[in-house]
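Asks: First the structure, which I've put down as structure tokens, then a few questions once you've had a look.
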Amino acid sequence: MARLLKRALTIGLTLATVTAASGTAAVAGPPPATPASIFGPNVTVFDPGTPVSEIQAKLDATHAAQVNAEMGTNRYTFLFKPGTYGTAEQPLQIKVGYYTEIAGLGASPTDVVINGKVEVYNRCLENGGTSNCLALVNFWRTLSNLSLNINALGQDGCRASANFWAVSQAVSLRRMNITGGNLSLMDYCTAGPQYASGGFIADSRLPATTNGSQQQWLTRNSEIAGWSNGVWNQVFAGVTGAPDDSAFPSPPYTTLTTTPLSREKPYLFVDAKGKYQVRVPSAHRNTSGVSWANGLTPGRTIPLSDFYVAKPGDSVLKINLALALGKHLLLTPGVYDIARSIEVWRPNTVVLGLGHATLTAVNGSIPLDVADVPGVIVAGVTIDAGLKESPMLLRVGRKHGLGFSSPSNPTTLNDVYFRVGGPHVGKTNIALEVNSDNVLIDHTWVWRGDHGVEGFTDTERWNTNTGRYGAVINGDDVTATGLFVEHFQRYNTVWNGERGTVILYQNELPYDPPTQADWMNGAVEGYAGYKVGDKVRTHTLYGAGVYVFNQNNPSIHTENGFEVPERPGVKLHHIMTVNLSAGTIDHVVNGVGEAADTTKIGVPVYIAEYPIP
């Protein structure tokens, strides 16, 4: 602690020197704050007096720019002040493209009502015609904290009966109150249903929901009027109205009555005086249903004035000075080049990103480094590997350090996403490393890109976009709700900590090993998609899948989808492997389970419980 105090004093003196150097000449008072002056040009705030036609035109133009901008650099947030938007005669119909966030500014989701729809459709890829319309790459978008009344449809024919949310990874739907129709997690109108690889819902009250063609999905701490269909793992934790899972795997449902540990994502709201505030929910154990059922979500409120509001181009030195002096951090939409770590070392610091704010490693940096302290929250941030290899992209705590943690106040990651390759070449040894105890990972997609704008063949990508490990968990008592990790070149996930709990795990093995020799773990063929450390005595996993698609060399084998120590305290519940059309996983777990090979493309190999009773 003495070291931390000394560091704060040093930084404070530095800041005082910088301030003194700027001079003390009298200046006119600042102009009244506007959303643009507070949040920058890529955040738009609407109020109920804004004409629907104006809102619609703005959102339509942004969607047109972002619908195909999968690897683009623009980021956007659209915020709605409390009130009602759209009518039955003139509904507001929002389509959400890449790197776009739509959110209400109410203290409760019922404070903002949209009469109309907020939707994502299948994306029709270039030169593919309608035969190449799909939702498998509908990534990176956010919807939260509002009520959606879809009685005011404004559409006819195929689209009239439901709000379509046809999305895949790195898309969250939180704090939603949807009424007046149905919710469909597939778009069955654009060239018919197509596979999607989502997804995540939390803290929401939903109508009858059609899962349809979603390969996997996690719904957490919500209320649903009904749920139908599902391809592979469909997991429910703390969901009122969740389906029964006794017939697993037909249907492929996994249901937990309560969520062992949850903490909802922080959110912006406007108070009665028109001031911006950030609500920071508290952590809870063994809960079900929505956090806002009985009023304000339990937690604390932090005024926006207590945040350093960063914009792309701000120096990391300036950001770290603010953090050291007790500010929280709000990252406005954009791409931030990070050549030295953003350092979060004060307990209970909040780092909140808007519009998929993206930190890109420069010169092998660790873009975000969180100390071994309790209560830090990182939410709504995407972290990209850069051209020079980073040791990791996000580190939580230090190995063998003197750590401080709290079971009742866990450090939490909400909607934190990682990329290695895709928009540019990326290199890292590890994407996410968690060394602290008592950490909650609430929805992450850790992705080594299987495609991108680099123009590489698969063989070139294997040697150029390099990422050895996706998630490495060394801390004890770490919980993950929605852990998606894909395409890393050794173990996608390594869990070394004790008493870990994971609710929904999804993994695709790398597509691109050139030869079997490139995909060997010593004498073992390949690396399991999920590895629990050999010394671990207690670990629990619910609803998990490892998929294989060795398109670069279909003859490649992986011995096991899952690899765990043989101990009674290590329990896997509802796991599976599946072949997507190339390569082979020989066994589901530890030599048990038949092969997921090309004789059963798309047909999972399930194990309901491991160890097998």
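Asks: Here are LEU185, LEU218, LEU143: which of them is within 25 Å of HIS443 (Cα to Cα), free of Cβ contacts under 8 Å to residues at least 40 places away in the same chain and buried (at least 21 other Cβ atoms within 10 Å of the Cβ)?
Replies: Sole residue among the options that is within 25 Å of HIS443 (Cα to Cα), free of Cβ contacts under 8 Å to residues at least 40 places away in the same chain and buried (at least 21 other Cβ atoms within 10 Å of the Cβ): LEU185.
Asks: Can you spot a residue in the stretch 360-373 that is over 12 Å from SER341 (Cα atoms) and assigned to a loop (DSSP other than H, G, I, E, B)?
Replies: Yes, the conditions are met somewhere in the stretch 360-373.
Asks: Within the stretch 435-464, how many residues are on the phi < 0 side of the Ramachandran plot, touching a residue at least 60 places away in the same chain (Cβ under 8 Å) and either crowded, with 24+ Cβ neighbours inside 10 Å or of a type in the set (Val, Ile, Thr) (or both)?
Replies: Adding up the residues that qualify gives 7.
Asks: Counting only residues that are within 18 Å of LEU268 (Cβ to Cβ) and more than 17 Å from the chain's Cα centre (by Cα), how many does the stretch 67-93 have?
Replies: Going through the stretch 67-93 one residue at a time, the tally reaches 7.
Asks: While we're looking at this one, here's another question. Which of the residues that make up the stretch 595-611 are charged (D, E, K, R) and either surrounded by 13 or more Cβ atoms within 10 Å (Cβ to Cβ) or within 14 Å of VAL546 (Cβ to Cβ) (or both)?
Replies: ASP597, LYS600
Asks: Also: Determine, yes or no, whether LEU402 is hydrophobic (A, V, I, L, M, F, W, C), surrounded by fewer than 23 Cβ atoms within 10 Å (Cβ to Cβ) and assigned to a loop (DSSP other than H, G, I, E, B).
Replies: yes
Asks: So, GLY529, is that one buried (at least 23 other Cβ atoms within 10 Å of the Cβ), in the same structural domain as TYR610 (by TED's automatic domain parsing), among the small types (Gly, Ala, Ser) and within 20 Å of ARG461 (Cα to Cα) or not?
Replies: yes
Asks: Could you say whether any residue in the stretch 264-275 is in contact with a Phe, Trp or Tyr (Cβ under 7 Å, 6 or more places away or on another chain), over 29 Å from GLY326 (Cβ atoms) and either modelled with pLDDT of 95 or more or not in a strand (DSSP E or B) (or both)?
Replies: no
Asks: List the residue pairs whose Cβ atoms are under 7 Å apart, where the first residue sits in the stretch 330-343 and is closer than 16 Å to LEU394 by Cβ and aromatic (Phe, Trp, Tyr), the second is at pLDDT 95 or above and part of a loop (DSSP other than H, G, I, E, B), and the two are 6 or more positions apart or on different chains.
Replies: Once the first residue is closer than 16 Å to LEU394 by Cβ and aromatic (Phe, Trp, Tyr) and sits in the stretch 330-343, its partners that are at pLDDT 95 or above and part of a loop (DSSP other than H, G, I, E, B) give TYR336/PRO312.
Asks: Need a quick list: strands (runs of 3 or more DSSP E) entirely within the stretch 472-529 having at least 3 residues that are out of contact with any Pro (no Cβ under 7 Å at 6 or more places or on another chain) and of a type outside the set (S, T, N, Q).
Replies: The qualifying strands (runs of 3 or more DSSP E) are 479-486, 500-508.
Asks: Let me ask something else. Have a look at THR240, THR209, THR258 and point out the one that is β-branched (Val, Ile, Thr), at pLDDT 95 or above and surrounded by 19 or more Cβ atoms within 10 Å (Cβ to Cβ).
Replies: THR209
Asks: Ok, one more. Which is at pLDDT 95 or above, in the same structural domain as THR44 (by TED's automatic domain parsing) and closer than 13 Å to VAL45 by Cβ, of GLY72, GLY104?
Replies: Just one listed residue meets the conditions, GLY104.
Asks: Can I ask one more? Evaluate the stretch 576-590: report whether one residue or more is in a loop (DSSP other than H, G, I, E, B) and free of Cβ contacts under 8 Å to residues at least 40 places away in the same chain.
Replies: Looking for residues that are in a loop (DSSP other than H, G, I, E, B) and free of Cβ contacts under 8 Å to residues at least 40 places away in the same chain, one finds at least one in the stretch 576-590, hence yes.
The values are calculated or read from the model by the stated rules, or taken from the named source; none is laboratory data. As the structure is a computational prediction, the values presented were derived from the model and not from experiment. Methodologically, a virtual Cβ is constructed for each residue, glycine included, from the backbone with ideal geometry; neighbour enumeration extends over all protein chains shown.
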